[in-house]
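Okay, structure first, notes after.
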Amino acid sequence: MGQNAECNLHKKIGILGGSFDPIHNGHLHMAKAAYEQYELDEVWLIPNGHAPHKDEDKMTDSVHRLAMCNLLADEYAFLKTCDIEIKSEESSYTYLTMQKLTQMYPDYDFYFIMGADSLDYFEKWRNPDIIASLCKILVVNRDEFTMEDMKEKIFRINQFFSANIQIVKCEKYDVSSTEIRRGKKLDDVHPKVKEYMLQNHLYGL
């Protein structure tokens with residue numbers, strides 16, 4: 001568990017995973033929307049360790065990615081960090097992470113936060129039925145799909161397995177980690193994260 005996470009019983013915990021390379025205001029926007037709309041106690045940022053669908057050689061070292069998440073979490077009381085995937089030798093599959101977290105914190109209610117675009121192929125993830133059995137799923141719709149589209153996607157998924165999927169309404173925040181790594185939209189990262197990036201010469205800055 002990361003340095004900021006605390007162990008209190010019966011919390012509603014949002015889980016937001018990703019490479020966070022780097023973490024930016026779009027991630028914060030998603031986390032805050034889920035936190036407020038579903039009255040979560042905390043949102044845990046979980047940086048990928050061994051990402052199964054990404055070239056690790058092109059990813060920034062996990063030490064830096066976790067450090068940037070910690071800097072952001074230090075600024076917002078509802079954010080915590082969790083290094084469970086970084087510490088693991090296994091590939092960072094969501095179902096494995098959720099299995100570990102539910103074993104570690106059996107009294108917590110977990111809410112897995114994902115973008116609406118991921119819902120299109122959620123049933124093709126590794127063991128999505130296990131994920132759905134262990135946590136509620138909060139889908140952040142950033143003005144990408146209509147409510148009718150979202151309901152249709154949720155209905156389709158429930159034909160494969162039972163899942164408690166709820167929608168988080170959220171205005172689109174037009175920024176991506178790729179743009180930031182290319183030196184664009186640097187103001188879309190928190191000032192302390194930006195300072196860390198510059199001090200450590202990340203992304204050629």
### Task
Would you point out the residue of the stretch 85-123, among those that are closer than 24 Å to Gln159 by Cβ and charged (D, E, K, R), that is nearest to the chain's Cα centre (by Cα)?
Asp117
#### Entry: Single match in Ala163, Ala116 (criterion: small (Gly, Ala, Ser), touching a residue at least 24 places away in the same chain (Cβ under 8 Å) and within 25 Å of Pro22 (Cβ to Cβ))
Ala116
### Summary
Within the stretch 26-52, of all residues that are in contact with a strand residue (DSSP E or B) (Cβ under 6 Å, 6 or more places away or on another chain), part of a helix (DSSP H, G or I) and more than 14 Å from Cys82 (Cβ to Cβ), the one most open to solvent (accessible area, probe 1.4 Å) is Gln37
### Task
List the number of the failed condition for Thr60; all other conditions in (1) outside any loop (DSSP other than H, G, I, E, B); (2) in contact (Cβ under 8 Å) with a residue 60 or more places away in the chain; (3) in contact with a Pro (Cβ under 8 Å, 6 or more places away or on another chain); (4) not aromatic (Phe, Trp, Tyr) hold.
(1)
### Message
Condition (residue is at pLDDT below 90, assigned to a helix (DSSP H, G or I) and either out of contact with any helix residue (DSSP H, G or I) (no Cβ under 9 Å at 6 or more places or on another chain) or over 19 Å from Tyr196 (Cβ atoms) (or both)) applied to the stretch 72-82: is it met by at least one residue?
### Response
no
### Message
Exactly one of these conditions fails for Asp83: (1) among the acidic types (Asp, Glu); (2) in contact with a His (Cβ under 8 Å, 6 or more places away or on another chain); (3) open to solvent by less than 40 Å² (accessible area, probe 1.4 Å). Give me its number.
### Response
(2)
#### Entry: Inter-residue pairs, beta-carbon under 6 Å, first more than 17 Å from Ala34 (Cα to Cα) and in the stretch 66-78, second part of a loop (DSSP other than H, G, I, E, B) and among the aromatic types (Phe, Trp, Tyr), 6+ apart
Cys69/Phe20
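The values are calculated or read from the model by the stated rules, or taken from the named source; none is laboratory data. What you are looking at is a predicted structure, and each value in this text was computed from that prediction instead of being measured. With ideal geometry, Cβ positions are generated from the backbone for all residues, glycine too; neighbour counts draw on all protein chains shown. Accessible surface is based on the protein model in full, side chains and every heavy atom, while ligands, DNA and RNA are left aside. Shrake-Rupley method; radii C 1.70, N 1.55, O 1.52, S 1.80 Å.
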